[in-house]
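Once you've had a glance at the structure underneath, I'll fire off some questions.
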There are 2 protein chains.
Amino acid sequence: MLDKVLRIAELYDFYGALLTDKQQRCIEMHYLGDDSLAEIAEEFRVSRQAVHDILRRGEQLLVEYEEKLGLVERQRRDRETIAKVRACLEALPAETRRLPETDQALELLRQLTDR
Amino acid sequence: MLDKVLRIAELYDFYGALLTDKQQRCIEMHYLGDDSLAEIAEEFRVSRQAVHDILRRGEQLLVEYEEKLGLVERQRRDRETIAKVRACLEALPAETRRLPETDQALELLRQLTDR
């Protein structure tokens, strides 16, 4: 279940803006805010089954967007490459690591992944 | 006009897969293949005006996807940061630049941007 939540959160981060307002709100409440289907149903004054269907449709769309565009996967590969660059710089001899150029390069690489 | 072609090509590279087959084919022929509206109209056996409308709708959608998701802009910023990292490494003293770690880091950075 945790894997699923993380996966949906990751896809939602990229493609959430393409969903309808209601799909967005339900996914935020359920996956990011941890609300139960019953709580969301009460908020929207619809049945628990309706919330279930909205969530399911939203999730399906997120998965389809990734199947078509693959941008989450592209970011994953890029981050792996950036991690390798950091490892290279961190493996430099101590006197080189202390140079301001190395320091600045490492700081920029951190900005790329800590987002 | 060249600016527009480059912009459409860039957006199409990210979001093209979300368009219909016909929108994709028209954009590829017109912007990437340089076919005229008349040539595309002949290929699809539709009017020149119909091709114009398909292109216009496809372009609108690409612009809307970018307005919502901003992934082309995100990549542009990332590439700027990567260029700064490369500049830092290229500014290292010659004896440091010759180290295999620096060399490998630069090669990995090239892989990130030459795609």
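Roughly how far apart, in whole Å, are the Cα centres of the range B:64-115 and the range A:46-115?
Using only Cα atoms to place each centre, the spacing works out to 15 Å.
Something else: Going by a ≥ b ≥ c, the root eigenvalues of the Cα gyration tensor, does the protein assembly as shown fall in the rounded group (a/c under 1.5), the prolate group (a/b larger than b/c) or the oblate group? Intermediate results must be reported in sequence, preceding the final value.
Values: a/c = 3.35, a/b = 1.26, b/c = 2.67.
Oblate, since a/c reaches 1.5 and b/c is not below a/b.
Using a cut-off of 14 Å between beta-carbons, work out the net charge of the residues near B:Glu101 (Lys and Arg +1, Asp and Glu -1, B:Glu101 not included). Please report the intermediate quantities before stating the final value.
Values: positive: A:Lys84, A:Arg86, A:Arg97, B:Arg97, B:Arg98; negative: A:Glu90, A:Glu95, A:Glu101, B:Glu95, B:Asp103, B:Glu107.
Here the count lands on -1.
Further, regarding this structure: What does the charge count around A:Ala91 come to, taking other residues whose C-beta lies under 10 Å from its C-beta (Lys +1, Arg +1, Asp -1, Glu -1)?
Details: positive: A:Arg86, A:Arg97; negative: A:Glu90, B:Glu101.
In short, 0.
R0 = 45 Å: FRET efficiency of A:Asp53 with B:Asp13, Cβ-based, nearest 0.05? Don't skip to the answer; put the middle values down first.
Values: r = 34 Å, r/R0 = 0.76.
After rounding to 0.05, the efficiency reads 0.85.
Right, another one. For label points placed 7 Å from Cα toward Cβ, what is the shortest-first list of nm distances from B:Glu42 to its copies?
Inter-copy label distances (nm, one decimal, shortest first): 6.8.
Around B:Asp53, what is the net charge, scoring Lys/Arg as +1 and Asp/Glu as -1 over all other residues with Cβ under 13 Å from its Cβ?
Numbers: positive: B:Lys22, B:Arg48, B:Arg56, B:Arg57; negative: B:Glu59.
Neighbour charge sum, excluding B:Asp53 itself: +3.
Also, quick follow-up: About the Cα centre, and with charges only on the beta carbon of Lys, Arg (+1) and Asp, Glu (-1), how big is the dipole of chain A? Nearest 20 debye, please. Walk me through the intermediate numbers first.
Values: 19 positive and 24 negative charges, 52 e Å.
Charge dipole of chain A: 240 debye, to the nearest 20.
Additional query: Considering only Cα-Cα distances, which of the following residue pairs are longer than 26 Å: A:Lys4/A:Lys68; A:Lys84/B:Lys68; A:Lys68/B:Lys84; A:Lys4/B:Lys22; A:Lys22/B:Lys68; A:Lys22/B:Lys4?
Values: A:Lys4/A:Lys68 20 Å; A:Lys84/B:Lys68 31 Å; A:Lys68/B:Lys84 31 Å; A:Lys4/B:Lys22 35 Å; A:Lys22/B:Lys68 16 Å; A:Lys22/B:Lys4 35 Å.
Violating the 26 Å Cα-Cα cut-off are A:Lys84/B:Lys68; A:Lys68/B:Lys84; A:Lys4/B:Lys22; A:Lys22/B:Lys4.
For A:Arg45, A:Arg57, A:Arg98, B:Arg86, which order do you get if you count the other beta carbons within 10 Å of each Cβ and list the fewest first?
On the way: A:Arg45 7, A:Arg57 15, A:Arg98 10, B:Arg86 18.
Ascending Cβ contact count within 10 Å gives the list A:Arg45, A:Arg98, A:Arg57, B:Arg86.
Something else about it: So how do B:Arg97, B:Arg77 line up by other beta-carbon neighbours within 10 Å, fewest first?
The most exposed by this proxy come first: B:Arg77, B:Arg97.
Label position 7 Å from Cα toward Cβ: report the copy-to-copy distances for B:Pro93 in nm, one decimal, ordered from shortest.
When each copy's label point is compared with this one, the spacings are 0.9 nm.
Sticking with this structure for a sec: Once you have a ≥ b ≥ c as the square roots of the Cα gyration tensor eigenvalues for chain A, tell me rounded if a/c is under 1.5, and otherwise prolate or oblate according to whether a/b is larger than b/c. Mind dumping the intermediate values first?
Numbers: a/c = 3.97, a/b = 2.89, b/c = 1.37.
It comes out prolate by the Cα gyration axes.
Moving on. What are the nm distances, shortest first, from B:Glu28 to its equivalents in the other copies, labels at 7 Å along Cα→Cβ?
Spacings between copies for this position, smallest first, are 3.8 nm.
Right, next: Hey, for a label at A:Asp21 modelled as a point 7 Å past Cα toward Cβ, could you say which residues of the range A:37-70 have their backbone N under 14 Å away?
A:44
Quick one: angle between helix A:100-113 and the longest Cα principal axis of chain A, in degrees between 0 and 90, rounded to 10, please.
Roughly 10 degrees between the two axes.
Quick one: among B:Gln60, B:Gln24, B:Gln104, which has the greatest mean-square fluctuation in a GNM of chain B with alpha-carbon springs under 10 angstrom?
Evaluated over chain B, the most mobile residue of the options is B:Gln104.
Any read-out appearing in this document is the output of simple, stated calculations on the displayed coordinates, not a laboratory observation. Note that the structure is predicted; figures quoted are calculated from it, not measured. Please note: Cβ atoms are built from the backbone with ideal geometry, for glycine as well, and neighbour counts cover all protein chains shown.
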